[in-house]
Amino acid sequence: MAIASADTAIRSSSFSRVLIYLVLLLFALFYLLPFGIMLVNSLKPLEEITGGNMVSLPREWTIAPWLSAWSTAQIGVEPTGLRPYFINSIVMAVPAVALSTIVGALNGYVLTKWQFRGATLIFGLLLFSCFIPFQIVLIPMARILGILDIAGTTTGLILVHFVYGIGFTTLYFRNYYAAFPTELVRAAQIDGAGFFQIFWRIMLPSSGPIIAVSCIWQFTNIWNDFLFGASFASGGSAPMTVALNNLVNSSTGVREYNVHFAGAIMAAAPTLLVYIVAGRYFVRGLMAGSVKG
Amino acid sequence: MGFLDINNVTKSYGAVEVLHKVDIEVQEGEFLVLVGPSGCGKSTLLNMIAGLEGITSGEIAIKDRVINGVHPSKRNIAMVFQSYALYPNMTVGQNITFGLEMHGVPKADRDRAMADVAKLLQIENLLDRKPGQLSGGQRQRVAMGRALVRNPDVFLFDEPLSNLDAKLRVDMRTEIKKLHQKLGTTIVYVTHDQIEAMTLSTRIAVMYDGYVQQLGTPKEIYDNPANLFVASFMGSPSMNVLPARLRNLNGEIHAEITGAEDQPLHLRIENAPESYRAYLDAEVMLGIRPEAITDPEGADRNARNIQSLHNTVSVTEPAGADTFVSTTLSGKDCIARMRADADVHPGQAFDFAVNMDKAVLFDPKTEERIG
Amino acid sequence: MAATDAGQDTGVDFRTRLQNWLPKIVLAPSFAVMVIFVYGFIAFTVYLSFTDSRMLPSYEWVGWQNYDRLFRVREWDIAVKNLAIFASLYIVICTLIGLMLAIFLDQKIRGEGILRPIFLYPMALSFIVTGTAWKWFLDPAIGLENTMHLWGWESFTFNWIKDREMAIYTIVIAAVWQSSGFVMAMFLAGLRGIDNEILKAAQMDGASNWNLYRRIILPQLRPAFLSAFVILSHLAIKSYDLVIALTGGGPGNATALPATFMYSYTFTRNQMGIGASSAVIMLMTIAAIMVPYLYAELREKK
Amino acid sequence: MTILRKLQLSAAAVALSTTGVVAQEVEVLHWWTSGGEAAALNVLREDLAGSGIGWTDMPVAGGGGSDAMTVLRARVTAGDPPTAVQMLGFSIQDWAAEGALANLNDLAAEQNWDDVVPAALQRFSTYDGDWVAAPVNVHSTNWVWANTALMEELGIEQPGTWDEFVAAMQAAQDAGYTALAHGGQAWQDATIFDSMVMGVGGPEFYQAAMVDLDPEALGSAQMVEAFERMAVLRGFVDDNFSGRDWNLASAMVANGDALFQIMGDWAKGEFINAGQTAGEEFQCFRVPGTEGMVTFNSDQFAMFNVTDAAAMEAQTAMASAVMSPEFQVAFNTVKGSVPARTDISPEAFDACGQMGMAQLAEAAASGGLFGSMAHGHANNPSVQNAMYDVITAHFNGEYDAETAAQEMVTAVELAM
């Protein structure tokens, strides 16, 4: 399923091509701007920020804020920097992404290739669940985590992210598998492959692009989540966003903006990396499934 | 009891019955073709044999074993799909041996089986490729290889040639026929293409609207179609069907039709069966194959009853080997198939030679053949 | 499309029967999880909205009182009006920019591989990360306005974030910044999925570029439009951290949205009952958008 | 209430199954997350570590503690409350009313808290006569922070009355400076509003309007006057005030761009951080009209119900450590606030700190010590936020003073 060559070869004059490039570059600038501000200010000493223009380039370049944010900044009572929380976030995000993607893939497989009466209704219900405002689940979720005895643990947090990720991953895989030839499943059945063998041997190996979409989407959401992380993780296992918020949002302390920005960029680094590395699969995956509705 | 028995099988989706009491007995080594227009139920029937769709009532048995409800993989069948359904992530070799692997056949045996099949189908050089790198014809072979390697009781083909271009389709058709002759396997083959049905089969089941309209050898089906549907569906160009009246002229039965200028024309029917008498002076449908209408020189030497028919030629279509000639009979376009060098021109008043041995009559109400 | 539906048969062997149950067994956990964690919680919220819950849930039934209060609170009015402005502008602008960028990027652009991730990356960042940068950029004293003044454009003013009437538009700007690239990706995927032969045919028919897009391409992007609309409206209704990071709901309450209203009443003001009733209204709004869409989509498929 | 009992039952069940692993440990939920205040809290942690008590840190910053309160609700609902939670004013009372807090009476009696903690603080630290929280500090919120150099340049004396205050700001504005550095966030607006109400009506009026929520007082002419003073202050604020963080406003004063800022004593940290000293580069004095009175907020550690003996012991040790004079000094000198105990020597504190301590004791004695509405120490959160809405709307020009006073009445009524 290679991206069809951009052969939408609509001929246009060289003047309009210049215009097109110009518009694209302007927008690129617009998109880069906030990140640029963060980057520039993370490399300045604090006095330069509070004393001067926040948009201008540093007069004196320094990487001290980065070092501080990573390993020495005060996050709560201990000056640990963001480092330990970074690891927490990974421990939380990786299993949650993997679980919700696998279950989403299985659901999509069942919903397209093994339809039974009521399956469409179940899918509709599952899809609507993507749109629930997370604020309302906080209290009842806390109660359930308490009953399950996983309140304040990373396991609990993984469960929460898994639960609210299934809707989206199922949507992605269902739309992708809807376009996957059913004859292949039938052929495999005749060949003697069972339910899971077909999934494992036939469906999954052809699901590369949509796995990428699902993982990107889930990873971004889970990594960036603050509300659940703050509410359902106890102190030591708090994810990166909670630590970043603790660093940035001190109520009555002195604000070290340069450290804040360095920390913010660090917190964003994994998701940025995922977008840059896997981003090209993103359009491809969207093309293969989800956009076709 | 046959090798594959389909006994009074019906299929319903909810309240809608889509297959009605299908009853077919297939002998070992037979090549049965299910043919019919799309939606006639032929693919459903095939899928039911394969176990991909449930059987609402009735029984299907292979080698006297009832296979209703048996998992597809336990029926000892193999299937070739229209889209070939090759697993895109596996090599050709893996595709061919996947079924054996699933059935727990040891690797050495699988490889031997694969080598045999690859040799048979001349795809030895393709074994390490992925399906995406193959041409349509190659994929077709691989799909057949995947079916052959299992050495099943029954092969099922679901329109296997319809995704190929015209030339390749003819080649593959011949190849399938050769394979069948060589291996003597039992095959059930679904197609909507009546030429495939005619050329490949030992028997044909013509299906329409969930019913088997006629089951018989290609020759039976072609020469003695059971009803108007079979008559018009089988054969290309299809059989000319003309409204006619049966007349008793001089003690002999004639079919009366009208010519281009509305003049009555009479075609004598020899050895008419008794049943024709019931239709005397009543309206019937007269069916004549295009090749039964020729120029006098091109008429079948062995035919006993060639009738001459004088009428105006409206269009001629030279098609290389044949020339198709249209003329208006009983208000309808009627096509005659003639030698390439027949001397016919549009507008010409022409003496057509009609081989009435091959003519059939249908009841216009029931559309069943009379006789 | 059922691969097997031997369910209606007689005499099914064990393996087949197991195979027939497996899909349901596989789907069951998701179904259970969804019933509890989504619909159970929604039911709980609906119930809370009829109780006098304040700091913690309480089960004292008070009927429609919370709804009655909700509609008398001025801030809720503001929040709803803001949502109307915000959602309509946000959806329209994101769609337009996304579509434009996608069409432009589809013109065999050199450097597409670099531009695409640049357009897409804001979706990867949360506003906890970019909120401060945006605040600075929009702040007239230190951001864009100040910079323009420094560059000698003295008359330039851009103080929307400080202006009660205009502040909501700065939220729109930041929100568009975040999601328009994602919309672009969806449209780009849609464009790349269009059969080239149709385009060639249309060009041979003599269609101008403008007509080609208007008459041939855009109609074929209908699924992309629909997906974009659904995703954007759901993002608009759920927008929370954006407002908190950028304006904190200010100046005054000028940029409050229903999501911030709900959070504030439920968790900050200890009026969980009213918070729940606002959540119910939000859910109903989402349902009003989503249910017809889902119904149409899924019925069509069937 | 009843559900909370149920919650506790399940909490007990949870506790039974999970505790007994670590002997003594406290889990502390707070929002002192960064910089000096977190370091100050570390003093407490090390203190406890000295007596073999572990510290599980659970910091949640943001929204002046409101995010932490959300998290707390999740934790309590889960049946897994932290040992101690940093809390402000009415939240302590609300949680105590839910029966979620522990009883510290034995410790309080032993250490004589009743006598050393001002009554106005005890109003929040006790519920139904039982001690449920240990106060850490007292922030007074009616301070003016002033740039000394600018005052000298403009020839301004420390203003003693509202009129002098206005005149001083007028002078600064005429000279091209920003007269009043202010950040347009609801809680900052409310902070200066507290002082205006106090300045206009004195203690009785503050009590009637902000604490007792008497509709007559809320709609009175004095309230209108307070709003009119707010409008005057609005005239001295620069155009870019909206949404500005308080510390940037402090920086304006420290940098000599602005003359005054009305802000709580935490602002001192910003000046000190800029290398300035109280009484020299910058001045502190009470908002004119509120001398002798103090509006305060007090950070306290509310102690939650824990079930097993070891945890209770650790909790008691922590409460004791919080109340120890050493910690009170160590923490408050960093934080800019004053100790919650009145029996502590002011030596370690700077000029403003010493002044604050003296005035606190004085106000406590004279009945001039009041909880700050802006900081949740005068009424409960729903009323507080309803007032925020009106004050902010007025400050941003949506209401005139008359309407604002009327809106106060209806908003408070709706929120009750």
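Observations, loosely collected:
- When the test is whether a residue is buried (at least 23 other Cβ atoms within 10 Å of the Cβ) and within 30 Å of C:Ile142 (Cα to Cα), D:Phe227 does not pass it.
- Enumeration of residues in region D:113-148 that are touching a residue at least 40 places away in the same chain (Cβ under 8 Å) and part of a strand (DSSP E or B): D:Ala133, D:Ala134, D:Pro135, D:Asn137, D:Val138, D:His139, D:Ser140, D:Trp143, D:Val144, D:Trp145, D:Ala146, D:Asn147
- Sole exception among (1) over 22 Å from C:Thr255 (Cα atoms); (2) under 20 Å from the mean Cα position of the chain (by Cα); (3) crowded, with 22+ Cβ neighbours inside 10 Å; (4) not small (Gly, Ala, Ser) for C:Arg116, by number: (2)
- Region D:25-47 - residue that is surrounded by fewer than 24 Cβ atoms within 10 Å (Cβ to Cβ) and at the interface with chain A (Cβ under 7 Å from one of its Cβ atoms) and, of those, modelled with the highest pLDDT: D:Arg45
- Residue match in region A:227-238 (condition: surrounded by fewer than 23 Cβ atoms within 10 Å (Cβ to Cβ) and under 19 Å from the mean Cα position of the chain (by Cα)): yes
- Residues of region A:228-250 satisfying the condition of being more than 20 Å from A:Gly165 (Cα to Cα) and at the interface with chain C (Cβ under 8 Å from one of its Cβ atoms): A:Leu244, A:Asn245, A:Val248
- Evaluation of D:Asn137 against (1) under 22 Å from the mean Cα position of the chain (by Cα); (2) farther than 30 Å from D:Thr342 by Cβ (one fails), failing number: (2)
- Residue within region D:249-258 that is surrounded by fewer than 20 Cβ atoms within 10 Å (Cβ to Cβ), within 14 Å of chain A (Cβ to nearest Cβ) and charged (D, E, K, R) present: yes
- Among the residues of region A:184-227, those identified as at the interface with chain B (Cβ under 9 Å from one of its Cβ atoms) and among the charged types (D, E, K, R) are A:Arg186, A:Asp191, A:Arg201.
- Positions within region C:257-297 being in contact (Cβ under 8 Å) with a residue 60 or more places away in the chain, closer than 22 Å to C:Ile168 by Cβ and under 17 Å from the mean Cα position of the chain (by Cα), in sequence order: C:Leu257, C:Pro258, C:Thr260, C:Ala279, C:Ile281
- Pick from region B:56-82, criterion among the β-branched types (Val, Ile, Thr), surrounded by fewer than 24 Cβ atoms within 10 Å (Cβ to Cβ) and assigned to a loop (DSSP other than H, G, I, E, B), ranking: modelled with the highest pLDDT: B:Thr56
- Counted as qualifying within region A:203-281 are the helices (runs of 4 or more DSSP H) with 1 or more residues that are over 28 Å from A:Ala105 (Cβ atoms), namely A:227-232, A:240-248.
- Criterion (surrounded by fewer than 23 Cβ atoms within 10 Å (Cβ to Cβ), over 14 Å from the mean Cα position of the chain (by Cα) and either modelled with pLDDT of 80 or more or assigned to a loop (DSSP other than H, G, I, E, B) (or both)) met by exactly one of C:Gly248, C:Gly252: C:Gly248
Condition check ((1) more than 10 Å from chain A (Cβ to nearest Cβ); (2) polar (S, T, N, Q); (3) at positive phi) across all residues:
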site: C:Trp151; (1), (2), (3): yes, no, no
site: C:Thr157; (1), (2), (3): yes, yes, no
site: C:Arg164; (1), (2), (3): yes, no, no
site: C:Tyr169; (1), (2), (3): yes, no, no
site: C:Ser179; (1), (2), (3): yes, yes, no
site: C:Phe187; (1), (2), (3): no, no, no
site: C:Leu199; (1), (2), (3): no, no, no
site: C:Met204; (1), (2), (3): yes, no, no
site: C:Tyr213; (1), (2), (3): no, no, no
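- Residue in region A:12-30 that is at pLDDT 85 or above and not in a helix (DSSP H, G or I) present: no
- Cβ-Cβ under 6 Å pairs, at least 6 apart or on other chains, region C:195-206 side within 15 Å of C:Gln220 (Cα to Cα), far side modelled with pLDDT of 70 or more and surrounded by 14 or more Cβ atoms within 10 Å (Cβ to Cβ): C:Ala202/C:Leu212; C:Ala202/C:Ile216
- Close pairs from region D:310-322: first in a helix (DSSP H, G or I), partner surrounded by fewer than 16 Cβ atoms within 10 Å (Cβ to Cβ) and modelled with pLDDT under 90, Cβ under 6 Å, at least 6 apart: D:Ala310/D:Ala23; D:Ala317/D:Ser51
- Unique match (being under 17 Å from C:Ser180 (Cα atoms) and more than 10 Å from chain A (Cβ to nearest Cβ)) among C:Ala87, C:Ala102: C:Ala87
- Qualifying residues in region C:124-135 (those that are within 7 Å of chain A (Cβ to nearest Cβ) and in a helix (DSSP H, G or I)) - the one nearest to A:Thr220 (Cα to Cα): C:Ala124
- Filter result (over 16 Å from the mean Cα position of the chain (by Cα) and on the phi > 0 side of the Ramachandran plot) within region D:320-370: D:Gly367
- Of the criteria (1) surrounded by fewer than 20 Cβ atoms within 10 Å (Cβ to Cβ); (2) within 13 Å of chain A (Cβ to nearest Cβ); (3) part of a helix (DSSP H, G or I), which one C:Ala228 fails: (1)
- Of all the criteria given as (1) assigned to a loop (DSSP other than H, G, I, E, B); (2) of a type in the set (A, V, I, L, M, F, W, C); (3) within 7 Å of another protein chain (Cβ to nearest Cβ), the one not satisfied by A:Ile166 is (1).
- Enumeration of residues in region A:178-197 that are in a helix (DSSP H, G or I) and surrounded by fewer than 24 Cβ atoms within 10 Å (Cβ to Cβ): A:Ala178, A:Thr182, A:Glu183, A:Leu184, A:Phe195, A:Phe196, A:Gln197
- Count of region C:41-57 residues which are surrounded by fewer than 19 Cβ atoms within 10 Å (Cβ to Cβ), more than 7 Å from chain A (Cβ to nearest Cβ) and not charged (D, E, K, R): 3
- Residues within region B:334-350 that are acidic (Asp, Glu) and modelled with pLDDT of 90 or more, tallied: 0
- Top-ranked residue in region B:83-93 [being without any contact (Cβ under 8 Å) to a residue 60 or more places away in the chain and outside any helix (DSSP H, G or I); ranked as nearest to the chain's Cα centre (by Cα)]: B:Ala85
- Residue count for region B:32-54, restricted to those that are out of contact with any strand residue (DSSP E or B) (no Cβ under 6 Å at 6 or more places or on another chain) and part of a loop (DSSP other than H, G, I, E, B): 7
The values are calculated or read from the model by the stated rules, or taken from the named source; none is laboratory data. What you see is a predicted model; the values in this text were computed from it and never measured. Counting neighbours? That spans all protein chains shown, and the Cβs are built from the backbone with ideal geometry, glycine included.
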